[in-house]
1. For region 138-148, give me each residue that is out of contact with any Lys or Arg (no Cβ under 9 Å at 6 or more places or on another chain) and surrounded by 16 or more Cβ atoms within 10 Å (Cβ to Cβ).
2. Among the residues of region 98-120, how many are surrounded by 13 or more Cβ atoms within 10 Å (Cβ to Cβ) and either at pLDDT below 95 or of a type in the set (S, T, N, Q) (or both)?
3. Which of the strands (runs of 3 or more DSSP E) found entirely inside region 162-208 contain at least 1 residues meeting this: β-branched (V, I, T)?
4. Being in a loop (DSSP other than H, G, I, E, B) and surrounded by fewer than 13 Cβ atoms within 10 Å (Cβ to Cβ): is that true of P124 here?
5. Might you let me know whether region 149-165 holds any residue that is in contact (Cβ under 8 Å) with a residue 24 or more places away in the chain, farther than 12 Å from I98 by Cβ, out of contact with any Lys or Arg (no Cβ under 7 Å at 6 or more places or on another chain) and among the hydroxyl-bearing types (S, T, Y)?
6. Among the residues of region 134-163, how many are over 22 Å from the mean Cα position of the chain (by Cα), acidic (D, E) and closer than 18 Å to N207 by Cβ?
7. Looking at S130, is it in a loop (DSSP other than H, G, I, E, B) and closer than 22 Å to D72 by Cα?
8. Given the condition in a loop (DSSP other than H, G, I, E, B) and under 24 Å from E85 (Cα atoms), answer yes or no: does some residue in region 144-154 qualify?
Amino acid sequence: MHELSIFIIIFLLSLLILSIPAIPAAVVIGMFYAYKKLPLHYFLLLLVALVAVPCAVFKSYERNFMLSVIPDALHVNSVSYSKEESWGFGPGGNEAGIRVYPLPQHIADKISQQGIEFFNTLPPNQNQKSRGWRGKYSKWSQTPIKADGKMDIYDYICRYGFCIEIDGSVVEQATEIVNSEGNYYAYGRVGLIVVSPSKKLVLYMYNG
């Protein structure tokens, strides 16, 4: 690869790194030093690592954060859909969102057999202290959520006037789940969780 091209790559990557406050300028200086001292193929591997490792760390953090609202006993380990938005930060900020998680077959079967008792006897989460309020729900009930009418999930998610555009198929499926019998729900300090053993899905919706 031409030396000028390598220099341009370093320069652009340096701008990217410097845009992240947590990364010191020493990293950029180190990159230029490595460019002068390392064989080209080792230096290219270093460039890839500098980009890939932070991305992987962020993705892992994001995944764990999304999973933190789900009780451990549900054995949920992935997110199949997420649509979330926030407006501002801190006490004056607002947010709205929905996440959909696959529910493992063996847990769906256990819930179908035990019913509401499965949720009334949920064991505590192992790392609840570090999670704060996330993943903790005290009172579980059976769906439908609104006994006197049909619930529109947008009415809940957009309650405070801040709304998001959700995929139509997700809206249809979530609306069916919250308004049908045989599913279970609970309100947390923030958000509403709904578990559907028949659909093998977990919904988490929030507003604020």
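The values are calculated or read from the model by the stated rules, or taken from the named source; none is laboratory data. Computed from a predicted structure; not experimentally measured. Note: ideal-geometry Cβ built from the backbone for every residue, glycine included; neighbour counts use all protein chains shown.
1. First pass over region 138-148, keeping only residues out of contact with any Lys or Arg (no Cβ under 9 Å at 6 or more places or on another chain): 138-143, 145-148.
Answer for region 138-148, where residues must be out of contact with any Lys or Arg (no Cβ under 9 Å at 6 or more places or on another chain) and surrounded by 16 or more Cβ atoms within 10 Å (Cβ to Cβ): W140, T143, I145.
2. Step one: of region 98-120, the residues surrounded by 13 or more Cβ atoms within 10 Å (Cβ to Cβ) are 98-104, 107-108, 110-111, 114-115, 118-119.
From the residues that got through so far, the ones that are either at pLDDT below 95 or of a type in the set (S, T, N, Q) (or both) too are 114.
Count: 1.
3. Filter on region 162-208 gives 192-196, 201-207.
4. On the way: in a loop (DSSP other than H, G, I, E, B): yes; surrounded by fewer than 13 Cβ atoms within 10 Å (Cβ to Cβ): yes.
So P124 fits the description; yes.
5. Within region 149-165, one or more residues are in contact (Cβ under 8 Å) with a residue 24 or more places away in the chain, farther than 12 Å from I98 by Cβ, out of contact with any Lys or Arg (no Cβ under 7 Å at 6 or more places or on another chain) and among the hydroxyl-bearing types (S, T, Y).
6. Of the residues in that region, 1 qualify.
7. Details: in a loop (DSSP other than H, G, I, E, B): no; closer than 22 Å to D72 by Cα: yes.
So S130 fails the test.
8. Yes - at least one qualifying residue is present in region 144-154.
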